[in-house]
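**Q** Quick one: the structure is below, questions incoming.
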Amino acid sequence: MRECVLEAKNITKYYGKHLILKDVSLKVPRGSIFGIVGPNGAGKTTFLKILSGITRQNSGEVIVFGERFNRRNLNKLGTLIEYPSIYSNLTAEENLIIHTLLMGIERDNIKKVLNIVGLENADKKIVSKFSLGMKQRLGIAIALLGDPEILILDEPTNGLDPIGIQEMRELILSFKERGITVIITSHILSEIEKIIDKIAIINLGEIRYVGDYNKDENLERLFIDVVKGDYNG
């Protein structure tokens, strides 16, 4: 059994009196691409924010590489949640320089991460001229600046055209080859099933299914059965 690099234990989260997550638990194995899927409003993004340290849970804990989540863990995590935090009036390289300053790290990785995400020839281009896919790639480049061991991506293909989706898929698969563990959400089931090897289905703030994903399995059928409560596996 592969080492668990990140574990959520009984995570519960309220916004005011509204329950968002209820006793959510899962383990993420090293080197996996772990997909988290669910209907809109199921709690996926909130859960990723808790795993990333952006939002705090009301109860439960997050364990990263065997220790309770703390500030020392931040350099092990790279995140792209919701929209990339980028400056449209600056170049890709200038955006990355600003983020190295914010993160308190050296600039040594800037060229490397631009190469990884395929923006090496667009480093001097103003971001306002970027396509949506290029902006997503820049967001991932920012997430990679600190050489993270875990990459957390929230809907990275959202809004992309078919070519952009294919390119993003190949990029995410390349992270696994580099030894990076990827946690990803997506509402495009037909796309996420091509890259994941672990799956969790969340509905109404609760994990309803967790398991290895068999590429011969019909994810849409599994998803519908689990969400509707018809799954008998």
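**Q** For residues that are in a helix (DSSP H, G or I) and within 17 Å of the chain's Cα centre (by Cα), tally how many sit in region 117-133.
**A** Total meeting the criteria: 1.
**Q** I've got another one for you. Among Glu177, Glu170, Glu191, Glu149, which is modelled with pLDDT of 90 or more and more than 24 Å from Val64 (Cα to Cα)? Spell out the reasoning first.
**A** Values: Glu177 fails: more than 24 Å from Val64 (Cα to Cα); Glu191 fails: modelled with pLDDT of 90 or more; Glu149 fails: more than 24 Å from Val64 (Cα to Cα).
Result of the check over Glu177, Glu170, Glu191, Glu149: Glu170.
**Q** Here's a follow-up. Suppose we filter region 29-65 for residues that are among the aromatic types (Phe, Trp, Tyr) and surrounded by fewer than 18 Cβ atoms within 10 Å (Cβ to Cβ); how many remain?
**A** 1
**Q** To continue, here is another question. What residue, of Ile140, Ile152, Ile196, is part of a loop (DSSP other than H, G, I, E, B), touching a strand residue (DSSP E or B) at 6+ places or on another chain (Cβ under 6 Å) and surrounded by 22 or more Cβ atoms within 10 Å (Cβ to Cβ)?
**A** From the options Ile140, Ile152, Ile196, the qualifying one is Ile196.
**Q** Also: Can you name the residue in region 82-116 that is in a loop (DSSP other than H, G, I, E, B) and at pLDDT 90 or above and is also surrounded by the most Cβ atoms within 10 Å (Cβ to Cβ) among such residues?
**A** Ile86
**Q** For Asp154, indicate whether it is of a type outside the set (A, V, I, L, M) and modelled with pLDDT under 90.
**A** Criteria not met by Asp154.
**Q** Here's another thing I want to ask about it. Mind counting the residues in region 87-115 that are closer than 18 Å to Met168 by Cβ and in contact with a Leu (Cβ under 6 Å, 6 or more places away or on another chain)?
**A** Number satisfying all stated conditions: 2.
The values are calculated or read from the model by the stated rules, or taken from the named source; none is laboratory data. Remember, it's a predicted structure, so these values are computed and weren't measured experimentally. Neighbour counts are summed over all protein chains in view; Cβ atoms, including those assigned to glycine, are modelled from backbone coordinates with ideal geometry.
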